[in-house]
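S.K.: Structure provided below as structure tokens; questions to follow.
Just so you know, all these numbers are worked out from the coordinates, no wet-lab data involved. This is a predicted model, so every value here is computed, not measured. Counting neighbours? That spans all protein chains shown, and the Cβs are built from the backbone with ideal geometry, glycine included.
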Amino acid sequence: MKFTQIRNATITVEYAGKKFLVDPMLAEKGAFPGFEGTVNSHLANPTVGLPVAINEILDVDAVIVTHTHPDHWDEAAKQLLPKDMLIFAQHDQDAREIRSAGFTNVRVLQDRNDFDGITMIKTAAQHGRGEVLSGPIGEILGQVCGLVFQHPREKTFYLAGDTVWYEAVEESLQKHAPDVVVVNSGDARVLPDESIIMGKEDIYKVFKATTGATIIASHMESVNHATLSRRELREFLDQKKMAHRVLVPEDGESYSF
């Protein structure tokens, strides 16, 4: 297994002989406005450029779109990806949206999926908590998902997706006992000041809920509403004695397991 942090939630995963591109945000730096109703919305997105050439990013067997927010599935991805690329979408609504952009090979993720011997299990995720989800912005946040990858020759890999820590994440960790866990960790916040993905304390809960798993902090320092920096997270990991199994990759960095 090889994990590469591209930018934001955009990663590639080489697993059991297949290469997946997850949540492609492929625009140039500053290509679209900051997200209305979020902190630092005056900043244009993405806030940093791509660290890898586009042709290398696109050289994959399939794409996974955990949800269609523009920092996971942007206009550049719609233009740059081949229209016959295999794309996995979380549900029918997202699949229709992706097909409407001209893509002809879109599959809806079921609870359990087989792709050339790789088992992909769709997991629950929650894009915020409490009043955020019940208020008007909750409709914008919408539904999201994670995925567990399994194969007899590979370690179990869990991509938690755009979620905060809550009971379904804990259940997924207990049920699937992943060896590698990717958590979206930038502590993105909507107004007035509410987290919609994991921050430091959420990562600490993932750490305590796992035994020996390697945790990778993704989705950092690339969109306007991300509030947790890599430096701050690394200082927290040192303080909590977590750094031995929580990795904080720079954009373009890879790990093999």
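S.K.: What order do you get for ASP114, ASP187 when you list them from fewest to most C-beta neighbours inside 10 Å? Walk me through the numbers before you get to the answer.
M.R.: Working: ASP114 9, ASP187 25.
The order, fewest Cβ neighbours first, is ASP114, ASP187.
S.K.: Quick query: amide H of PHE88 versus all other amide H atoms, modeled in the peptide plane; which residues come in under 5 Å with a sequence gap of 5 or more or a different chain?
M.R.: Result for PHE88 returns VAL63, ILE64, VAL65, ARG107.
S.K.: Eigenvalues of the Cα gyration tensor times 5, then square-rooted: what semi-axes does that give for the stretch 92-173, in whole angstrom, largest first? Intermediate values should be presented prior to the final figure.
M.R.: Values: eigenvalues 124, 87, 11 Å².
Semi-axes, largest first: 25, 21, 7 Å.
S.K.: Sort ILE216, ILE140, ILE118 so the one with the fewest other Cβ atoms within 10 Å of its own Cβ comes first. Spell out each step's value before the answer.
M.R.: Working: ILE216 23, ILE140 13, ILE118 18.
So the residues, fewest neighbours to most, are ILE140, ILE118, ILE216.
S.K.: Would you please state which residues of the stretch 43-63 a label at SER254 would reach in this model, taking the label point 7 Å out along Cα→Cβ and a backbone N cut-off of under 19 Å?
M.R.: 50-63
S.K.: Any chance you could list the semi-axes, whole Å, largest first, of the equivalent ellipsoid that the Cα gyration tensor gives for the stretch 111-218, using √(5λ)?
M.R.: Values: eigenvalues 132, 51, 20 Å².
Largest first, the stretch 111-218 gives 26, 16, 10 Å.
S.K.: Which of the three applies to the stretch 1-77, rounded, prolate or oblate, going by the alpha-carbon gyration tensor with a ≥ b ≥ c and a/c under 1.5 meaning rounded?
M.R.: Numbers: a/c = 2.48, a/b = 2.01, b/c = 1.23.
Judged from the Cα gyration tensor, the stretch 1-77 comes out prolate (a/c at least 1.5, a/b above b/c).
S.K.: How large are Rg and Dmax for the stretch 2-250 when only the alpha carbon atoms are used, in Å?
M.R.: That works out to 16.9, 49 Å for Rg and Dmax.
S.K.: Which of MET85, MET220 has the fewest other C-beta atoms within 10 Å, and how do the rest follow up to the most?
M.R.: MET85, MET220
S.K.: Quick one: check the C-alpha center-to-center distance for the stretch 186-217 versus the stretch 53-131, whole angstrom.
M.R.: 23 Å
S.K.: Sticking with the crude label model, points 7 Å out along Cα→Cβ, report the distance from ALA16 to LYS241 in nm, one decimal please.
M.R.: Simple spin-label model gives 3.7 nm for this pair.
S.K.: Within straight cross-link reach of LYS19, meaning Cα distance under 21 Å, which lysines are found once same-chain residues fewer than 8 apart are removed?
M.R.: LYS2, LYS78, LYS83, LYS122, LYS155
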